[in-house]
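Contents: one structure, followed by commentary.
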Amino acid sequence: MLVFEESTTPVSRKLKILVYGGPGSGKTFFSLGAPSPLVLDTESSTDAYRGRPDLPAFTVAKTASPKEIAPVLADLSRKGFIQAGDKHLTPETVVI
């Protein structure tokens with residue numbers, strides 16, 4: 001069934017950004033400045049930034065397996081949050 005909408009109705013849009021650069025170029029540092037980041041860290045690249053008072057807080061989950069990432073993203077897409085123990089995580093940004 002088609003859904004008809006007026007063009008005056010605002011549409012929520014989300015950015016999809018690929019950050020590319022060599023080792024040490026600042027990709028992780030740049031990503032941590034995004035709004036409410038959840039970092040799915042596959043290379044332990046966040047270790048150097050954890051606990052730094054000059055950076056905003058971020059949530060990190062370390063994994064070496066891409067197979068663990070897909071279910072997390074599916075949960076976020078389907079439910080609007082990620083269940084992490086007794087917490088509901090609602091990141092504005094996902095960094096892989």
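Here is how the numbers come out for the structure above:
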read-out: Hits in segment 1-37 (condition: open to solvent by 100 Å² or more (accessible area, probe 1.4 Å) and of a type in the set (K, R)); value: R13, K14, K16
read-out: Any hit, segment 82-93, residues being among the β-branched types (V, I, T) and open to solvent by 60 Å² or more (accessible area, probe 1.4 Å); value: yes
read-out: Subset tally (residues that are more than 12 Å from the chain's Cα centre (by Cα) and closer than 25 Å to Q83 by Cβ) for segment 15-42; value: 1
read-out: Of all residues making up segment 40-59, the number that are open to solvent by 40 Å² or more (accessible area, probe 1.4 Å) and under 15 Å from P91 (Cα atoms); value: 4
read-out: Breaking point among (1) open to solvent by less than 80 Å² (accessible area, probe 1.4 Å); (2) within 15 Å of the chain's Cα centre (by Cα), for K62; value: (1)
read-out: Pairs, first closer than 17 Å to K67 by Cα in segment 38-52, second among the charged types (D, E, K, R), C-beta under 6 Å, six or more apart; value: D41/K62
read-out: Any hit, segment 69-79, residues being under 21 Å from L15 (Cβ atoms), exposed (fewer than 11 other Cβ atoms within 10 Å of the Cβ) and touching a strand residue (DSSP E or B) at 6+ places or on another chain (Cβ under 6 Å); value: no
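The values are calculated or read from the model by the stated rules, or taken from the named source; none is laboratory data. Just so it is clear, the model here is predicted, and its values are computed rather than measured. Every residue, glycine as well, gets a Cβ built from its backbone with ideal geometry; the counts of neighbours run over all protein chains shown. These accessible areas exclude ligands, DNA and RNA; they are computed on the full protein's heavy atoms, side chains included. Shrake-Rupley method; radii C 1.70, N 1.55, O 1.52, S 1.80 Å.
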